[in-house]
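J.: One structure follows; several queries about it will come next.
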Amino acid sequence: MSVSYKRENICEGAGYTEIIDKRFKTNYIYIHLLEPMDRKNASANAVIPELLHDSNEKYPTITALCRKLSSLYHAGISSGASKLGDYQVMTLKSSSIADKYTIDGENISGEVVDILLDCLTKPYLENGIFPENEFRLKKQELLDDIDAEINDKRKFAVGKARETIYKDEPAGIPVEGFREDAEKLTSANVYKRYTELLKNARIEVVFSGCGIGETDKQKIFDRIRGLDRNAPLGYKTMPSARKSDMVYVTDRMDVNQSKMVIAYKTDCDSKQTMKMLSFVFGGTPFSMLFENVREKLSLCYYCPSGYNEKKQVLMIDCGIEHRNINPAREEIFRQLELLKNGEFSEELLANSKLLAKSSLKAVYDSPSSVANWFFSQCMDDKIVTPEEEARLIDAVTKEDIVAAANTLVPDTVYVLTGKEDPENE
């Protein structure tokens, strides 16, 4: 596959990653600002990208900016906030057709780069802060998003479980912060937080697509080097601290279906072994949990496992009938003991490897997926390509998985269930 990958330093605390694949007709540029998750800044950080992507100094309204982007073959500017390990990630993204596919080879990339950089570094301001009307709208949207978490009971349960799993750790803070903190936001303090981000955050720029001209690339480098920057302190996501005993937490509300989240922590430093352990245990439609807890015993509607390689946490989340909470939990515990004893087939491992490698091939299906792959490793000591990852997965043995399973330490059982559930009192 003719994909080229290159990583460069822009300046101290800022990096540039370039992935070129000539098959694509669209170019994506991501500008990620990364800071350690911190409750006092989380809500402000979450709202900042939303304030930046709708306007800038040159195009002061969403109407003006959209009209300009539409003239550039419907280019787009979007934003978002997310988490990567212990980091909160604030992102601005541009998408546009590559110049070689415009009518008569019209050069639009330079204008898109200028707009993206202006949104980041030259926001439209009123009286030296974000416009009050726009700020109030974005703040309300943030509050609505926080309130809406409870409507998705599965997502809500996983979020609440993480607060216990990562207690007193940055990863335990919701990416949008807490409502009581969001309510206190003002345009002035959010603008101050924005200036601090530009000064102190780690910056990761990722280009993914057909190709970028040297002039446009140099614009990115020059604008970031021109910022008034402090060198970000060295920081790395740490594996989650293991608890001495498993913690049990139960929340009650009016729900038709109970949710249960079970977490284990490990000191196994082989990401590929732990990924395959998760696939074998509960990460596939033919895994141990799916075949036994769901299919044979009908104890749950779903019970997949997933592995957070940044925090070294294996998590199982289940949807279950209230009466099946205890039986499902005990059966999941039993299946893990079987895994620790090596009571699973080589065929299950082989099929899990095939599925894992198939998903790795899909990384190259779009500019966004390949950009996300390489960005997710920006804090790691070594960048691993999907091809290298596939080779490392192929090398994982049954003995490796058994050894890794025996490093798992019970951490948390979180249950969200009905208000009255005598069987599980």
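Quick note: the coordinates plus some simple rules give every number you see, no bench work behind them. Computed from a predicted structure; not experimentally measured. Every residue, glycine among them, receives a Cβ derived from its backbone with ideal geometry; neighbour counts consider all protein chains shown.
J.: Tell me whether segment 1-47 comes out rounded, prolate or oblate; compute the Cα gyration tensor, take square roots of the eigenvalues as a ≥ b ≥ c, and use a/c under 1.5 as the rounded threshold. Each step should come with its number before you reach the end.
T.: Working: a/c = 3.83, a/b = 2.04, b/c = 1.88.
Prolate.
J.: Here is a further query. Any idea how far the Cα center of segment 42-59 sits from the one of segment 83-148, in Å?
T.: First find each Cα centre; the distance between them is then 6 Å.
J.: Looking at the square roots a ≥ b ≥ c of the eigenvalues of the Cα gyration tensor of segment 233-323, which shape do they give, rounded for a/c under 1.5, prolate if a/b is larger than b/c, or oblate? Kindly include the intermediate steps, with their values, before the conclusion.
T.: On the way: a/c = 2.62, a/b = 1.42, b/c = 1.84.
Oblate, since a/c reaches 1.5 and b/c is not below a/b.
J.: To the nearest 20 Debye, how big is the dipole of the chain about its Cα centre, given +1 on the beta carbon of each Lys and Arg and -1 on that of each Asp and Glu?
T.: 460 debye
J.: What value, in deg cm²/dmol to 500, does the helix sum -39500 (n - 2.57) over DSSP H runs of n ≥ 4 give at 222 nm once divided by the residues of the chain? If you can, show how the numbers build up before the last one.
T.: Working: 14 runs with 163 residues, N = 425.
The helix contribution divided over the chain gives -12000 deg cm²/dmol.
J.: What residue among L84, I29, Y301 has its Cα farthest toward the positive end of the dipole of the chain, where the charges are +1 on Lys, Arg and -1 on Asp, Glu, each on the Cβ?
T.: I29
J.: Can I ask one more? Once Lys and Arg get +1 and Asp and Glu get -1 on their Cβ, which of H74, T266, S345 lies farthest toward the positive end of the dipole of the chain?
T.: H74
J.: Please state the charge dipole magnitude for segment 303-409, taken about the Cα centre, from unit charges on C-beta atoms (+1 on K and R, -1 on D and E), reported in debye and rounded to the nearest 20. Can you show the working numbers first?
T.: Working: 12 positive and 18 negative charges, 40 e Å.
Charge dipole, segment 303-409, about its Cα centre: 200 debye, nearest 20.
J.: Let me ask something else. To the nearest 20 debye, what charge dipole does segment 22-73 have about its Cα centre, counting +1 at the Cβ of each Lys and Arg and -1 at the Cβ of each Asp and Glu? The partial results should precede the final answer.
T.: Details: 8 positive and 5 negative charges, 85 e Å.
Taking the Cα centre of segment 22-73 as origin, the dipole is about 400 debye.
J.: Then there is this: Checking the a/c ratio against 1.5 first, then a/b against b/c, what shape does the Cα gyration tensor give for segment 258-390?
T.: Prolate, because a/c is 1.5 or more and a/b exceeds b/c.
J.: Hey, can you rank 218-228, 133-143, 31-41 by average C-beta count inside 10 Å, highest first?
T.: Per-residue Cβ counts within 10 Å, averaged per peptide and sorted highest first, yield 31-41, 133-143, 218-228.
J.: Filter K184/K419; K167/K357; K58/K100; K68/K382 down to the pairs with a C-alpha to C-alpha distance above 29 Å, please. Could you put the intermediate results ahead of the total?
T.: Details: K184/K419 32 Å; K167/K357 34 Å; K58/K100 27 Å; K68/K382 40 Å.
From the list (K184/K419; K167/K357; K58/K100; K68/K382), the Cα-Cα distance tops 29 Å for K184/K419; K167/K357; K68/K382.
J.: Something else about it: Between segment 373-420 and segment 180-198, how many Å separate their Cα centres?
T.: The distance from the Cα centre of segment 373-420 to that of segment 180-198 comes to 35 Å.
J.: Let me ask something else. What ranking do 86-92, 241-247 get when scored by the average of other Cβ atoms within 10 Å per residue, highest first? Before the final figure, lay out each step's value.
T.: On the way: 86-92: 22.9, 241-247: 12.4.
So the peptides 86-92, 241-247, ranked by packing, come out 86-92, 241-247.
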